[in-house]
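Enquirer: Take this structure, written in structure tokens, and hold onto it; I'll ask about it next.
The values are calculated or read from the model by the stated rules, or taken from the named source; none is laboratory data. Just so it is clear, the structure is predicted and the values come from calculations on it, not from any experiment. Glycine gets a Cβ as well: all are built from the backbone with ideal geometry, and neighbour counts include every protein chain shown.
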Amino acid sequence: MGESRGFSWLVKSCIADSCREIARSPAANHRHPNEFIPSDGSRFSSPIFNLPDDLLFECFSKVPLSTLPSLSLVCRRFAILLDNPAFHDLRRSRGRLRRTLFAICISDLGIITSTALPVPFPTHLDSSIPISFSTDLPADAFFQPRLAAIGRSIYIIGRGATLRYDTLTGAVAFRAPTIFPRKKFAAAVIGCRIYVSGGATRTSDVEEYNPEADEWRGGAGAPKRGWVGLGRVGAAAGGIFYVIGGLRVGSRREEEEEARGAHTCAGSMDAYHVRAGVWLRVRAVVPGGGCIVGACGAGAHVYVLASHAVELSFWRWDGKGRRGGDWTRLEPPPVGGQLRLGGAVHFSCTSIGDAKLAALVHASASHGGDIGRRSRGGEAVLLVYDIEADEWSRGLDLPPGLRRAVCAYVEC
């Protein structure tokens with residue numbers, strides 16, 4: 001059955017010729033999950049509602065991606081089935097998932113601006129899509145948020161607030177915030193859980209988020225007791241949550257001891273074994289010093305981007321065992337000359353499967369530089385790294401509305 005024919009049959013079996021709209025009255029929220037109520041209030045049944053879930057999954061898998069969101073409006077049961085991970089797995093097995101990189105920016109007005117970049121990337125970019133949501137949160141709640149992608153959902157984690165962005169339907173919903181408010185923290189996904197660390201003034205514990213239960217729970221404290229990491233970045237590889245870079249803030253005595261030793265933690269890397277729930281003693285410092293500005297995991301490796309004021313360096317960490325590992329220097333991204341001019345440059349990194357990495361780079365145009373001039377006012381551009389070839393390529397300039405956007409890769 002072809003896509004158009006299959007979808008036509010499915011729609012006709014769900015919706016009568018005289019009833020094309022879905023009831024939007026409050027009473028519709030209390031109807032039976034298999035019951036469809038048209039806008040005129042009449043009720044009728046359809047044979048398709050009597051099909052078991054596995055057959056409905058088969059029918060839904062033949063529906064074009066662009067029309068799948070409409071099915072979630074037919075009835076509550078359809079919405080639940082479309083949100084079921086089993087449906088996502090079925091579409092993956094049929095090769096019907098779309099590999100997409102999302103660039104997201106959130107304003108203090110309660111608006112998410114999102115641009116979907118299909119992989120491989122197109123030669124041109126469609127307009128970004130603004131999505132409004134109600135909020136009375138502080139203006140800085142989503143300043144420098146962290147993104148975590150699970151399935152087709154992107155979780156946007158801010159300071160005392162979490163959002164779930166459904167990349168298929170465009171729906172935005174609030175989820176449980178982290179136990180402790182955090183800013184400039186590390187975050188990564190391992191399995192179907194989200195892990196965060198650092199950026200909290202009241203705790204050094206790792207937190208784990210279970211999307212199904214919409215619940216955060218605390219884990220082990222930071223490796224060095226009493227320290228809180230600020231400005232850290234996270235990466236996941238081989239079941240390990242790596243917490244990299246940042247500043248460590250502890251007691252006055254600890255700070256004085258560190259100052260006397262002239263010890264810097266900007267290039268440090270800590271490792272948390274999520275299955276065991278313990279921190280590993282990984283003796284790893286990013287070579288050459290510098291400030292860590294981006295990191296992500298791909299396969300069994302961790303890739304780290306460091307800034308040295310006048311240049312960037314790019315490294316791969318090959319973890320070996322519980323304590324050892326090797327650093328390999330790689331080709332740095334082609335960001336132009338704005339770093340030498342002291343421009344403000346921001347990075348957001350993510351892996352695209354196990355073969356490529358993506359970095360969104362925003363450089364302030366007021367400081368000049370290649371990216372700033374080409375990006376019309378200092379907007380973000382996309383850089384793509386091919387792991388096997390060890391080379392970077394320049395992607396697309398992002399729309400003006402995505403200033404300092406962060407990115408996440410999903411299959412939807």
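Enquirer: Counting only residues that are hydroxyl-bearing (Ser, Thr, Tyr) and in contact with a strand residue (DSSP E or B) (Cβ under 9 Å, 6 or more places away or on another chain), which one in region 157-178 is surrounded by the fewest Cβ atoms within 10 Å (Cβ to Cβ)? Steps first, answer last, please.
Expert: Let us first name the residues in region 157-178 that are hydroxyl-bearing (Ser, Thr, Tyr), namely 162, 165, 167, 169, 178.
Keeping just the survivors that are in contact with a strand residue (DSSP E or B) (Cβ under 9 Å, 6 or more places away or on another chain) gives 162, 165, 167, 178.
Details: Thr162: 23, Tyr165: 25, Thr167: 21, Thr178: 23.
Applying the filter and picking the extreme gives Thr167.
Enquirer: Whether any residue in region 62-83 is crowded, with 18+ Cβ neighbours inside 10 Å and within 14 Å of Val410 (Cβ to Cβ) is what I want to check.
Expert: Looking for residues that are crowded, with 18+ Cβ neighbours inside 10 Å and within 14 Å of Val410 (Cβ to Cβ), one finds none in region 62-83, hence no.
Enquirer: Right, next: Please go through region 84-121 and pick out each residue that is in a loop (DSSP other than H, G, I, E, B), in contact (Cβ under 8 Å) with a residue 60 or more places away in the chain and not hydrophobic (A, V, I, L, M, F, W, C).
Expert: Within region 84-121, the subset in a loop (DSSP other than H, G, I, E, B) is 84, 94-98, 108-110, 119-121.
Applying the additional criterion that residues be in contact (Cβ under 8 Å) with a residue 60 or more places away in the chain yields 97-98, 119, 121.
Selection gives Arg98 alone.
Enquirer: Still on this structure: Which pairs turn up if I take residues in region 179-198 that are assigned by TED's automatic domain parsing to the domain that holds Val243 and buried (at least 24 other Cβ atoms within 10 Å of the Cβ) and look for partners that are assigned to a loop (DSSP other than H, G, I, E, B) and hydrophobic (A, V, I, L, M, F, W, C) with beta carbon separation below 6 Å, at least 6 apart in sequence or on another chain?
Expert: Arg182/Ala200; Val196/Phe185; Ser197/Val206; Gly198/Phe185
Enquirer: Right, next: Looking only at region 145-169, which residues are assigned to a loop (DSSP other than H, G, I, E, B) and in contact (Cβ under 8 Å) with a residue 60 or more places away in the chain?
Expert: Within region 145-169, the subset assigned to a loop (DSSP other than H, G, I, E, B) is 145, 151-152, 158-161, 167-169.
Scanning region 145-169 gives Pro145, Gly151, Arg152, Thr167, Leu168, Thr169.
Enquirer: Any chance region 330-338 includes a residue that's part of a strand (DSSP E or B), at pLDDT 80 or above and either more than 20 Å from the chain's Cα centre (by Cα) or surrounded by fewer than 23 Cβ atoms within 10 Å (Cβ to Cβ) (or both)?
Expert: For region 330-338, residues part of a strand (DSSP E or B), at pLDDT 80 or above and either more than 20 Å from the chain's Cα centre (by Cα) or surrounded by fewer than 23 Cβ atoms within 10 Å (Cβ to Cβ) (or both): present.
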